[in-house]
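Since the structure comes first, as structure tokens, the remarks are kept for the end.
No lab work stands behind these numbers, since they all come straight from the coordinates. Note that the structure is a prediction, hence the values are computed from the model and not measured. As a convention, Cβ positions derive from the backbone with ideal geometry for all residues, glycine included, and neighbour counts pool all protein chains shown.
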Amino acid sequence: MWIAVVTITAIALAAGLLLSFASRRLPPNDDDLVATVNGLLPQTQCAQCGYPGCRPYAAAIVHESEEINLCPPGGKETIRRLAKCLGRDVIPLKASTQTRMSDSVAVINEALCIGCTHCRAACPVDAIVGAHQFMHTILAAECTGCELCLAPCPVDCISMKSAA
Amino acid sequence: MSAPTFDLGTLHGGLRMPACKDESTARVIQHIPIPTQLVLPLAQHAGEPAHPVVSIGERVLRGQLIADADGMISAPVHASSSGKIVAIEQWPVSRRLGENAPCIVIECDGLDSPVQLSEPIVPFEKVDPESLLQKILHGGIVGLGGAVFPTAQKLMAATAESLEHLIINGVECEPYISCDDVLMREHAAEIVIGAQILLHALQLDHCLIAVESDKPEAIHALADALTELQDSRIVIKQIPTIYPSGAEDQVVQLVTKKEVPTGGLPTDVGCLVQNVGTAVAVHNWINDGEPLISRVTTVTGDGIAAPMNVMARIGTTIADVVNFVGGYTDRAKRLIIGGPMTGKAVSTDRVPLVKATNTILVLSETPAVGTEQPCIRCGECAQVCPILLLPQQLYWYACADDEAKLRSYGLIDCIECGCCDLVCPSHIPLTADFRMAKARMRELADETARAERARKRFESRTVRLEREQLQRAQELLEQRKKVQKAGPQAIQEILERSKSKDNSASEKDE
């Protein structure tokens with residue numbers, strides 16, 4: 001019996017040492033981790049987290065230990081996935097008026113559009129087509145519903161519509 | 001003459017269920033007279049809905065195209081009788097998703113005048129397979145076994161594969177449904193000719209007609225038709241009566257001993273399956289020029305006064321159909337479109353009969369299902385699963401929303417036959433849970449794909465902005481260099497020039 005106990009204990013100890021060494025001395029490749037975290041974010045690129053897009057936010061989470069509860073479009077589900085991936089605690093979403101925005105798309109009222117290109121520059125996924133002094137339009141299939149184009153419009157001709 | 005039962009593959013599990021078909025097969029198919037109003041949904045098939053090509057107030061004739069196919073996978077819709085288009089509007093329909101769908105409403109004039117055929121009917125043997133497939137495309141024909149996949153697209157996709165058999169599916173294993181049975185009894189010749197047309201279109205020379213052993217009349221009728229038509233390419237295969245042997249992949253497994261691979265199609269094992277009703281529809285369109293505007297439907301259940309099979313125009317409302325068969329009985333409680341296992345309950349009989357409607361089932365009260373209790377891991381569900389899945393494991397993972405596990409345990413392959421529900425001693429609604437889990441998985445996959453595209457677009461935009469910024473900086477640098485190279489004298493000249501411009505401008509103002 002003692003032989004068995006000693007053997008198993010020795011194996012457990014050796015495995016424990018090996019694992020702790022691996023986790024301390026062989027940190028995961030940061031770039032890979034950023035890509036993984038980025039993959040868990042909803043990619044609306046809405047910048048509500050305070051970073052200029054999903055990837056910058058992912059980088060901040062990994063490199064600057066930024067909180068994982070800053071993404072309103074992702075909501076609870078994204079927090080849960082991030083917590084699981086990074087081994088952090090699940091925390092409630094930081095208070096925000098926004099809910100899931102990815103269900104809606106921006107629509108330009110073409111009668112009002114003056115062709116200023118301000119919204120085109122603001123779109124994080126290049127989903128707005130238009131040229132100076134020509135009417136603009138939004139590619140509904142590519143729009144993530146981030147609402148970043150609403151503020152720059154000088155004539156308030158962009159509104160959000162349900163995608164369905 | 002009868003077909004021998006021999007040389008069959010085996011099917012795991014399944015259930016022997018009470019057939020409940022005798023009431024409806026006692027009578028021959030009854031033709032329902034043309035109703036006063038027809039309601040034709042634009043989406044009666046899998047794929048993209050058709051788009052209307054008629055306008056309100058227009059007069060249409062029987063067989064006239066009223067909505068054309070739209071997109072890669074779609075089928076046209078034809079007027080089931082002559083009359084006037086009175087509306088194109090939302091109407092209650094029987095669908096898995098949503099209650100209402102856009103429909104074309106025709107007020108029938110009762111004359112039933114047919115439309116002039118656009119091209120003369122030629123014997124199908126004289127038409128080359130390619131044009132035959134094109135012709136089938138315009139007949140509005142969809143798979144009448146239940147999936148309503150557009151037949152022409154299915155055939156065209158199959159021609160790219162190396163095929164061995166055409167299988168005509170006359171296996172109707174779900175209780176109560178008997179429309180295919182009576183169709184085989186009364187229209188055996190049309191089925192065989194339909195099969196010949198399909199063989200010609202696919203350039204195949206082997207066809208199996210699969211029929212269950214509990215349909216001796218149908219087998220007789222088919223055998224007689226075969227003897228009369230002298231076609232040795234077509235063989236009848238009798239298969240055991242067990243639910244769900246009529247599902248597409250299961251039929252293939254039974255008659256050819258080959259299992260359709262995960263996520264694959266019967267064409268992967270060299271088979272193409274078509275329902276007997278589809279074969280008749282192909283015959284009617286190619287040989288008689290009549291598109292798919294009517295079908296045989298079973299009207300049955302203990303809530304129906306006189307259960308029977310009826311030949312109804314597509315678009316007839318369920319209320320009209322039920323009136324024709326003598327109305328509801330006092331016990332009628334639930335209206336189900338489709339069979340008891342795979343059908344869908346609807347809340348109103350205003351819904352129209354569509355291409356997919358094989359059965360109108362009216363039952364009395366809900367069967368006494370016990371309350372749901374915890375799983376006791378008895379394993380009964382795994383015993384009956386026809387595709388060898390482990391429903392109890394899938395159930396845990398569906399509850400835990402564990403997508404990776406659901407995927408590795410093959411939830412995608414579940415055919416939603418409902419066998420596991422029936423045998424579960426804890427009365428767990430397994431199939432409903434699996435349907436929901438599948439829908440969630442699809443949604444998640446859609447979302448992931450969308451996020452992936454947005455990510456790529458964002459990244460390429462970031463790269464573009466950086467490149468533009470770099471370019472601009474470069475340009476500025478070069479300009480500055482140019483000016484420095486030209487020396488102070490050049491700068492002086494430029495300043496003077498601008499000064500004189502200013503002076504002339506101010507002179508003008510004065």
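Return the sequence-ordered ³J(HN,Hα) values of segment B:463-473 in whole Hz as given by the Karplus equation 6.51 cos²θ - 1.76 cosθ + 1.60 applied to θ = phi - 60°, using x for Gly and Pro.
3J(HN,Hα) across segment B:463-473, in whole Hz: 4, 5, 4, 4, 5, 5, 4, 4, 4, 4, 4.
Just from the alpha-carbon atoms, what are the Rg and Dmax of segment A:28-102 in angstroms?
Looking at segment A:28-102, its Cα Rg and Dmax stand at 11.1, 36 Å.
Roughly how many Å is it from the Cα centre of segment B:31-47 to that of segment A:6-50, as a whole number?
If we compute the Cα centre of each part, the gap is 59 Å.
Pop a pseudo-label 7 angstrom from the Cα along the beta-carbon direction at both residue A:67 and residue A:86 and give the gap in nm to one decimal.
1.2 nm
Convert each backbone phi in segment B:252-265 into a coupling constant with the Karplus relation 6.51 cos²θ - 1.76 cosθ + 1.60 (shift: θ = phi - 60°), then list the ³J(HN,Hα) values in order as whole Hz, x for Gly and Pro.
Computed from phi, the couplings for segment B:252-265 are 4, 4, 6, 8, 10, 6, 10, 8, 6, x, 3, x, x, 10 Hz.
Over segment B:30-313, what is the relative contact order in percent, taking alpha-carbon pairs closer than 8 angstrom and at least six residues apart?
20 percent
Which Rg and Dmax, in Å, describe the Cα atoms of segment A:103-162?
My reading of the Cα-based Rg and Dmax gives 10.0, 30 Å.
Any idea what angle helix B:391-400 forms with the longest principal axis of chain B, computed on alpha-carbon atoms, 0 to 90 degrees, nearest 10?
30 degrees
If you line up the long axis of helix A:2-25 against the longest principal axis of chain A, both from Cα atoms, how many degrees apart are they, to the nearest 10?
Once rounded, one gets 30 degrees.
Whole percent per 10 Å bin, from 0 to the bin with the longest distance: what is P(r) over all C-alpha pairs of segment B:36-158?
Bins of 10 Å from zero give 13, 39, 35, 12, 1 percent of pairs.
Considering every pair of different Cα atoms, what Kirkwood radius, in Å, is found for chain A?
Here the Kirkwood hydrodynamic radius works out to 18.7 Å.
Along its three principal axes, how long is segment B:296-373 when you only count alpha carbons? Whole Å, largest extent first please.
Projected onto the principal axes, the Cα atoms of segment B:296-373 cover 45, 25, 19 Å.
Give me the percent of DSSP beta bridges within the protein assembly as shown that run antiparallel, rounded to the nearest 5.
Of the beta bridges lying entirely in the protein assembly as shown, close to 65 percent run antiparallel.
Provide the gained length on full extension for the span residue B:214 to residue B:100, in nm with one decimal, where the gain is 0.36 nm per separating residue minus the Cα-Cα distance.
Result: 37.2 nm gained on full extension.
The protein assembly as shown: D in µm²/s via Stokes-Einstein (Kirkwood Rh, Cα pairs, 25 °C, 0.890 mPa s)?
Estimated via Stokes-Einstein, D reaches 81 µm²/s.
Put one equal scatterer on each alpha carbon of chain B, apply the Debye formula with no solvent term, and list log10 I(q)/I(0) at q = 0.12 1/Å to two decimals.
-1.19
Could you compute Rg(Cα) / (2.2 N^0.38 Å) for segment B:30-313, with N its residue count?
Rounded to two decimals, the normalised Rg is 1.00.
How big is D, in µm² s⁻¹, for segment B:373-478 by Stokes-Einstein at 10 °C and 1.306 mPa s if Rh is the Kirkwood radius over C-alpha pairs?
The calculation lands on 94 µm²/s.
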